[in-house]
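Worksheet: one structure, shown below.
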Amino acid sequence: MNDAALREAELRQRKLKLVLDKVKEPDFGICRKCKQPIPDGRLMIRPESVLCVKCAI
Ligand SMILES: [Zn+2]
């Protein structure tokens, strides 16, 4: 495994841990701004997102 792949694997793992922590929060998947549910597709691509597509612009 080269350095870049290793770094990416670490990053992915850190991200996953962040997501697992977030899922415990009652407002996970809810936009921080408009309080509307964030679509699953967006959460899948960017699990760390706290804003829906509209508010993120
Ligand atoms: Zn929103």
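The numbers here are math on the coordinates, done by the rules we state, and not lab data. Predicted model, so just to flag it, every value in this text is computed and none were measured. All Cβ positions, even for glycine, are placed from backbone atoms using ideal geometry, and neighbour counts span all protein chains on display.
Of all residues in the range 11-31, those being within 16 Å of the ligand (Cβ to nearest atom) and either in contact with a helix residue (DSSP H, G or I) (Cβ under 8 Å, 6 or more places away or on another chain) or of a type in the set (A, V, I, L, M) (or both) number 4. Taking each residue of the range 15-27 that is in contact (Cβ under 8 Å) with a residue 12 or more places away in the chain and looking for partners that are small (Gly, Ala, Ser) with beta-carbon atoms closer than 9 Å, six or more apart or interchain, yields 22/29.
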